[in-house]
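Colleague: Below: one structure in structure tokens.
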Amino acid sequence: MQTLPNPTQTQSPSSPAIATTIERRKTRPVPVGNITIGGGHPVVVQSMINEDTLDIEGSVAAIRRLHEIGCEIVRVTVPSLAHAKALSEIKQKLKDTYQPVPLVADVHHNGMKIALEVAKHVDKVRINPGLYVFEKPKADRTEYTEAEFAEIGDKIRQTLEPLVISLRDQGKAMRIGVNHGSLAERMLFTYGDTPEGMVESALEFIQICESLDFYNIVISLKASRVPVMLAAYRLMVRRMDELGMSYPLHLGVTEAGDGEYGRIKSTAGIATLLADGIGDTIRVSLTESPEKEIPVCYSILQALGLRKTMVEYVACPSCGRTLFNLEEVLHKVREATNHLTGLDIAVMGCIVNGPGEMADADYGYVGRQPGYISLYRGKEEIKKVPEDQGVEELINLIKADGRWVDP
């Protein structure tokens, strides 16, 4: 007769503990200005300004707006040599009028001269292997011979080497940022439009960097389709493990769109990998103002327990037992406390769900009986108060514990 497991027993005394926290993949630390990516440091939040880099005042203001709301590294585009030179003024103006902000420059399309110039002024240079040495497609091509493949590889090395040496000698960083939609033609012919092609494209550039004793490298393999993005990053981790590499990874779903779906799509890709311990820095790419990306990044990190940057609200979905307007009360509690950090606050509709399901919260606001609520500190009921005094008394309790700060 088969013995069924006891549903109340979560593990036997001899079984290993089941982890309830994420164990992150060990990666090498890569400094980017005053921020470090990887090496056990907190997952870093990034975004990118929309302003033309030639607009010095506008770019400085945009970078500052992002940095003030928690964006730790800001990316700018440098499509020309003039844009690259403008970064010198932007960097200096930030230092003079605000504070130094870690900056990344995006370089595309045969960008060696641009990259060498901008490397003087920023903390990290992002290159796209599919575009850095642009291969003009041939309409009648049916294959790449080994000789042709090697010839282009040599050309890549020639154009990449001066940039690598410059970054290496300055102690700066590079992001090798592969995009699924812009793989080089020879990679498409050799590997197809696949995660394998993305990974091999990145490895080709990594190996050139390593041959020049340069290791301040961050890797990204972005795609607009979440399954492709997931497959590419997982394959990259496997290949790096095989090759003894431990470079940090920048996660993102490129061209995720806007609104609710854009946020869900980004979260589906980024959070899935973070939950597996993969990822050291993230960007949520929305077709909205860059400032809208930062709250989504922090929400993802907070939900996974990777960073604590705001209040965590625990609230039941409401049911027939709920003794007050839960949605309205949660809104009031949030409005009063959302400037705090590092607290868990529960708002529960009834005593059935209350104490048990909010056991991990620092403070609880629980429907006790019609017109009254109970306030909890952890699992301990502190007082019962009229509902119309609930939020005020919750604030008083937080203040009494010395955990309140004024907005």
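The values are calculated or read from the model by the stated rules, or taken from the named source; none is laboratory data. Worth saying up front: this structure is predicted, and the values here are computed from it rather than measured. Neighbour counts are summed over all protein chains in view; Cβ atoms, including those assigned to glycine, are modelled from backbone coordinates with ideal geometry.
Colleague: Among the residues of region 171-229, count how many are without any contact (Cβ under 8 Å) to a residue 12 or more places away in the chain and either in contact with a Pro (Cβ under 8 Å, 6 or more places away or on another chain) or outside any helix (DSSP H, G or I) (or both).
Modeller: Residues meeting the conditions: 2.
Colleague: Let me ask something additional. Name the residues in region 32-88 that are of a type in the set (S, T, N, Q) and more than 18 Å from the chain's Cα centre (by Cα), would you?
Modeller: Across region 32-88, the qualifying residues are Asn50, Thr53, Ser59, Thr77, Ser80, Ser88.
Colleague: Applying the selection to region 120-160, what residues are closer than 27 Å to Met48 by Cβ, assigned to a helix (DSSP H, G or I) and more than 29 Å from the chain's Cα centre (by Cα)?
Modeller: Passing the criteria: Ile156, Thr159.
Colleague: While we're here: Among the residues of region 146-174, what is the count of those that are of a type in the set (Ser, Thr, Tyr) and either within 19 Å of Glu255 (Cβ to Cβ) or surrounded by fewer than 14 Cβ atoms within 10 Å (Cβ to Cβ) (or both)?
Modeller: Looking only at that region, the number is 0.
Colleague: Could you identify the single residue in Ile35, Ile63, Ile90 that is free of Cβ contacts under 8 Å to residues at least 60 places away in the same chain and farther than 20 Å from Ser285 by Cα?
Modeller: Working: Ile35 fails: free of Cβ contacts under 8 Å to residues at least 60 places away in the same chain; Ile63 fails: farther than 20 Å from Ser285 by Cα.
Ile90 is the lone residue from the list that is free of Cβ contacts under 8 Å to residues at least 60 places away in the same chain and farther than 20 Å from Ser285 by Cα.
Colleague: Quick one: Lys155 ticks every box in (1) at pLDDT below 90; (2) in contact with a helix residue (DSSP H, G or I) (Cβ under 9 Å, 6 or more places away or on another chain); (3) under 16 Å from Ile206 (Cα atoms) except a single one, so which number is it?
Modeller: (2)
Colleague: How many residues does region 12-64 contain that are touching an Asp or Glu at 6+ places or on another chain (Cβ under 9 Å) and in a strand (DSSP E or B)?
Modeller: The number of residues fulfilling the criteria is 10.
Colleague: A follow-up question, please. Given (1) under 24 Å from Ile156 (Cα atoms); (2) touching a strand residue (DSSP E or B) at 6+ places or on another chain (Cβ under 8 Å), identify the lone condition not met by Ile73.
Modeller: Of the numbered conditions (1) under 24 Å from Ile156 (Cα atoms); (2) touching a strand residue (DSSP E or B) at 6+ places or on another chain (Cβ under 8 Å), the odd one out for Ile73 is (1).
Colleague: Could you please find all residues in region 356-398 being of a type in the set (A, V, I, L, M) and in contact with a helix residue (DSSP H, G or I) (Cβ under 9 Å, 6 or more places away or on another chain)?
Modeller: Result: Val366, Ile373, Leu375, Ile382, Val385, Val391, Leu394, Ile395, Ile398.
Colleague: Let me ask another. Considering only region 275-289, state which residues are out of contact with any Lys or Arg (no Cβ under 6 Å at 6 or more places or on another chain) and either part of a loop (DSSP other than H, G, I, E, B) or crowded, with 24+ Cβ neighbours inside 10 Å (or both).
Modeller: Asp276, Gly279, Asp280, Thr281, Ile282, Arg283, Val284, Ser285, Thr287, Glu288, Ser289
Colleague: Inspect all residues belonging to region 162-169 and state whether any of them is closer than 26 Å to Leu54 by Cβ, touching a strand residue (DSSP E or B) at 6+ places or on another chain (Cβ under 6 Å) and in the same structural domain as Tyr215 (by TED's automatic domain parsing).
Modeller: Yes, region 162-169 contains at least one residue that is closer than 26 Å to Leu54 by Cβ, touching a strand residue (DSSP E or B) at 6+ places or on another chain (Cβ under 6 Å) and in the same structural domain as Tyr215 (by TED's automatic domain parsing).
Colleague: Among the candidates Gly197, Gly177, single out the residue that is crowded, with 16+ Cβ neighbours inside 10 Å, at pLDDT 90 or above, of a type in the set (Gly, Ala, Ser) and over 30 Å from Ile56 (Cα atoms).
Modeller: Details: Gly177 fails: over 30 Å from Ile56 (Cα atoms).
Answer to the selection: Gly197.
Colleague: Same structure, new question: Would you be able to say whether some residue in region 84-95 is among the polar types (S, T, N, Q), in a helix (DSSP H, G or I) and either modelled with pLDDT of 95 or more or outside the structural domain of Leu167 (by TED's automatic domain parsing) (or both)?
Modeller: For region 84-95, residues among the polar types (S, T, N, Q), in a helix (DSSP H, G or I) and either modelled with pLDDT of 95 or more or outside the structural domain of Leu167 (by TED's automatic domain parsing) (or both): present.
Colleague: For region 248-266: of the residues being in a helix (DSSP H, G or I) and surrounded by fewer than 21 Cβ atoms within 10 Å (Cβ to Cβ), which is nearest to the chain's Cα centre (by Cα)?
Modeller: Per the stated criteria, the residue is Ile264.
Colleague: Still on this structure: I'd like to know if region 71-81 contains one or more residues that are of a type outside the set (Val, Ile, Thr), at pLDDT below 95, surrounded by 14 or more Cβ atoms within 10 Å (Cβ to Cβ) and not in a loop (DSSP other than H, G, I, E, B).
Modeller: yes
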